[in-house]
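Scroll down for the structure; my scribbles are underneath it.
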Amino acid sequence: MDKSVDPHVGRPVSSSLPEGAVRNRRHRDHIKDLRSAPVASGVSLPGPDGFGRSRPDDDRPTDRDRHPGVGTSVGHIKRASAVFPLDAYPEARTPVTTLPAPQPTSSIDPSRPIAPAEQPARLDALEAAVRSRSDLVPRIGIVLGSGLGGLADDVEDAVAIPFADLPGWPAATAPGHVGRLLLGRLGGTPVAMLQGRFHVYEGNDSGLVVQPVLLFGRLGAEIVLLTNAAGGVDPAFGPGTLMVIADHLNLTGRTPLHGPNADSIGPRFQDLTDAWSPRLREALKAAGVAEGVALEEGVYAGLLGPQYETPSEVRMLRGLGADAVGMSTVLECIAARWAGLQVCGVSLVTNAGAGYSGVPLSHEEVLEAGAEAGPRLARVIRRFVAGLA
Ligand code: HPA
């Protein structure tokens, strides 16, 4: 493929903005660059999986818990007619080695509160489980959001570890479907990649939701790239808009740092002034230019979900300074910064915010926009990651 031409827009973009680009770009480049701190090991795990209470199976997430538009589901995927067929059947495309590692998960309660002080022991166990399968040290950890499942195809020599094989992680998906950690190389750069993520709206505790990014750090990654599906709060951000995250509003009412701290990982009072790395944001935008893909920039508002917003809430979010809204990402960013990782991210806007179009939000519209824009974002990410090598 001619990398200088975006098939989506069908013409080079070096001389003009690509079709669909928002021209009234805002610049929020005041945020200083980020520090990078080591991630320390902690204490030993108290038990086989460190979890206490059991939970009935019928209380576990189902496919109804899937995030709209998110092909990398953490629930059971039953719909063969999903708009993201490639996401629904990743094994058909991904040349990976899945090593068997039976792990009883029936006693895991994903809603059980996990204090920061508990994370070191849990990360010890997670790190050991991964290291028994792969010695790859990732440069970057990537969380795949909406429509990006195809990016996993490009991971070379990938080792795939189902979530259920990792201690303390619930069996996120039906066998043979997405919900796994990949370790391999993307464009020559060693990467860890999460296909599927844990959302709070599924009933997961914040401490569980952020364990994947903390694990990235344990495995040696210094950078985390978070992607998600989002609604457009800036009226100019219609379906298909790709937005580099410049900052966030955590409106979930949760924090992964609640409870006794683990000083071995990060400080009690975490600074978030520079949460989204200006340096990495520039690198993402440069990758967009190189690929001829339009990238906007803006503020992501993270809400609990799973319901969409009311039109009044969208207006409120706009007044608060948000440009896009979704149901993930903010807690992962907080935890990653706490652990000294550099963070960057991109929202894939799948729909205009509630109330803008005058018609109810359409699930089909969300899925279609994700399917259309996912491959464009994948190209940007591939270029960005290759530049890290
Ligand atoms: N709101 C919240 N989350 C979303 C939306 C939305 O409009 N679209 C995709 N994820």
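All of the numbers you see were taken from the coordinates with simple rules; none came from a lab. Since the structure is predicted, the reported quantities are computational estimates derived from the model, not experimental observations. Heads up, the Cβs are rebuilt from the backbone with ideal geometry, glycines too, and the neighbour counts pull from every protein chain shown.
Just to be sure I understand the curve: with the Debye formula and one point per C-alpha of the stretch 116-386, what is log10 I(q)/I(0) at q = 0.07, 0.09, 0.16, 0.17 Å⁻¹? With no solvent term, the Cα-only Debye profile gives -0.22, -0.37, -1.26, -1.42.
Taking the centroid of alpha carbons for each part, the stretch 336-386 and the stretch 182-258 are 11 Å apart.
Subtracting the Cα-Cα distance of residue 131 and residue 389 from 0.36 nm times their residue separation leaves 90.7 nm of extension gain. Distances between placed amide hydrogens fall under 5 Å for residue 227 paired with 143, 145, 346, all partners being 5 or more residues away or on another chain. Once the C-beta distance of residue 372 and residue 282 is scaled by a Förster radius of 25 Å, the resulting FRET efficiency is 0.45 to the nearest 0.05.
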